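Worksheet: the structure to be examined is printed underneath.
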Amino acid sequence: MWRRGIVLAGCCLLLTGLLFFHSDVPNRIGNLGSLLETFLPWLGLALPVLFVLAVLRRSTTALIALLVPTLVWLNLFGGLLTDKSSAGGDLTVLTHNVNAENPDPDGTAEGVVAAGADVVALEELAESQAPRYARDLAAAYPYHSVQGTVGLWSKYPLSGVHPVDIKMGWTRAMRAAVSTPDGKVAVYVAHLPSVRVKFDAGFTAGQRDSAADALGEAIASESLHSVVLLGDLNGTMNDRALASVTSQMRSTQGAAGNGMGFSWPAGLPMARIDQIMVKGAEPRSSWTLPKTGSDHLPVAARLQLPKDQQD
């Protein structure tokens, strides 16, 4: 009885190793570590498959071994399955990669306005479509700035607006101070380089990783107490390559979301690469919004700002 299902038990232990030691999977060969960490929650799909096979095999050994990866997965992601949102908050922010080839920018802008956020960040703004978004959002957001392919719209005045150099050769990140009723908040908007999975090169994320380091340095030098990062980072909170950013900020989805909050691809979301991160502010709730004409879902969060912060 105990010898039956040894191979299945070995598969359970292999799954445990990938989950528990994911940070030790090297990036030297095709950035395999980052690729694994991007889709790490989906390893949980192997658990019910292994359970069914263990039952069919009538293997007590495999069933006992299956408890180990199950507990590890729950330790990593179980908290995301519960609703951690709470009432309150005084600033609602939204970020959306609108897709440069969006066939319905006007409808996308309408959906953004309907969400009722106080501050909106848009990424992948095509030069030909940026004026349309500015026009469609103008009534709801009297203050805005577009820097390169990213833009920020706000119900509150903006100051200190400037592009952020993330070492790409053109502007895909910006910073602005938003003058909320509770003081100024530094808002960063970023669209990090895309990543690709190539047969001959693996997970090609080198430029994305360098841009993340530059963004992390800019945020670390920010003088304002409350900082919000909105954007498409082309990576998840588990991806070690984004550590220069994620190590100093909190994910609103992780802290106050309900569920995994996957945002891409919009038709069948498999990863949360669109992020809202904060420091010096308390997340109260975080959620994804309905699909627009983009291949990304919009994501939003409600934040509680400190009442005693200094401008």
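The values are calculated or read from the model by the stated rules, or taken from the named source; none is laboratory data. Keep in mind the model is a prediction, meaning the values are calculated, not measured. So basically every Cβ, Gly included, is an ideal-geometry build from the backbone, and we count neighbours across all protein chains shown. We work out accessible area using only protein heavy atoms, side chains counted, and drop any ligands, DNA or RNA first. Shrake-Rupley method; radii C 1.70, N 1.55, O 1.52, S 1.80 Å.
Some observations on this one:
- On the stretch given as the range 140-154, residues that are among the small types (Gly, Ala, Ser) and farther than 18 Å from SER128 by Cβ total 3.
- Of everything listed in (1) open to solvent by less than 20 Å² (accessible area, probe 1.4 Å); (2) part of a helix (DSSP H, G or I), the single unmet condition for HIS96 is (2).
- Residue list for the range 248-287, restricted to those being touching an Asp or Glu at 6+ places or on another chain (Cβ under 7 Å) and more than 24 Å from ALA220 (Cβ to Cβ): ASN258, SER263, TRP264, PRO265, ALA266
- Candidates in the range 132-179 are the residues that are open to solvent by less than 30 Å² (accessible area, probe 1.4 Å) and in a helix (DSSP H, G or I); of these, the one that is nearest to ASN99 (Cα to Cα) is TYR133.
- Condition check for GLN129: within 23 Å of PRO193 (Cα to Cα), of a type in the set (S, T, N, Q) and buried (at least 20 other Cβ atoms within 10 Å of the Cβ): yes
- Single condition GLY107 does not satisfy, out of (1) out of contact with any helix residue (DSSP H, G or I) (no Cβ under 6 Å at 6 or more places or on another chain); (2) open to solvent by 60 Å² or more (accessible area, probe 1.4 Å); (3) in a helix (DSSP H, G or I): (2)
- Meets criteria (part of a strand (DSSP E or B), open to solvent by less than 30 Å² (accessible area, probe 1.4 Å) and at pLDDT 95 or above) for VAL187: yes
- So MET174, is it touching a helix residue (DSSP H, G or I) at 6+ places or on another chain (Cβ under 9 Å) and within 26 Å of PRO306 (Cα to Cα): no
- The condition (being open to solvent by less than 50 Å² (accessible area, probe 1.4 Å) and out of contact with any Cys (no Cβ under 8 Å at 6 or more places or on another chain)) is satisfied by just one residue among LEU43, LEU56: LEU43.
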